[in-house]
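Only the coordinates and a few stated rules stand behind these numbers; no lab work does. Just so you know, these numbers come straight off a predicted model, no measurement behind them. Quick reminder, even Gly has a Cβ in these numbers, built from the backbone with ideal geometry, and neighbours come from all protein chains shown.
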Amino acid sequence: MRSALLAIAAVTIALALGACGDSSDETPASTGASTGDAAAAQTTVCNARDDIGKQVDELKSLTPATVTSDAVKQSLDAIKNDLSDISGAQSELSSDRRSEVEAANKAFASSVQGIASEALRSLSAADAKTALVTALQQLEASYKDTFAPVDCS
């Protein structure tokens with residue numbers, strides 16, 4: 001039963017994370033953002049970045065005894081929403097800040113897609129736990145590599 005649940009969770013992760021796209025289809029940023037808009041955008045980006053970290057931590061804390069498809073899906077949906085929020089706020093950031101955030105968002109989304117495709121390679125019940133743990137470790141590493149440098153102080 002646990003093996004089946006882990007397999008479901010691994011598939012859920014792979015599908016949900018694989019659906020994360022990059023922001024390359026976003027419209028180009030305007031150059032006339034006001035200071036208030038830039039401050040609000042900065043707050044949005046930082047709040048979303050922090051929430052991604054929280055969701056990654058929650059996913060990583062799941063064990064075979066506590067993992068459920070709903071728990072995994074809820075965290076992954078929150079991450080997808082956070083990435084969308086970041087993409088939406090980018091146009092209001094200053095040019096340098098926009099470039100930094102855009103690069104982090106694209107790198108994280110690309111990494112997530114790679115993790116998802118890797119997790120789908122072996123989904124036997126016996127391999128599901130290992131695939132799930134590996135995918136979550138990679139997700140955490142990707143978050144730290146891409147969003148940690150985004151300054152929110």
How long is the gain from residue 70 to residue 152 if the chain were fully straight, where each residue apart is worth 0.36 nm and the alpha carbon distance is subtracted? 26.4 nm
Given labels modelled 7 Å from the Cα in the Cβ direction, how far is it in nm from residue 140 to residue 40? 3.7 nm
Estimated inter-spin distance, residue 63 and residue 110, nm [label 7 Å along Cα→Cβ]: 3.7 nm
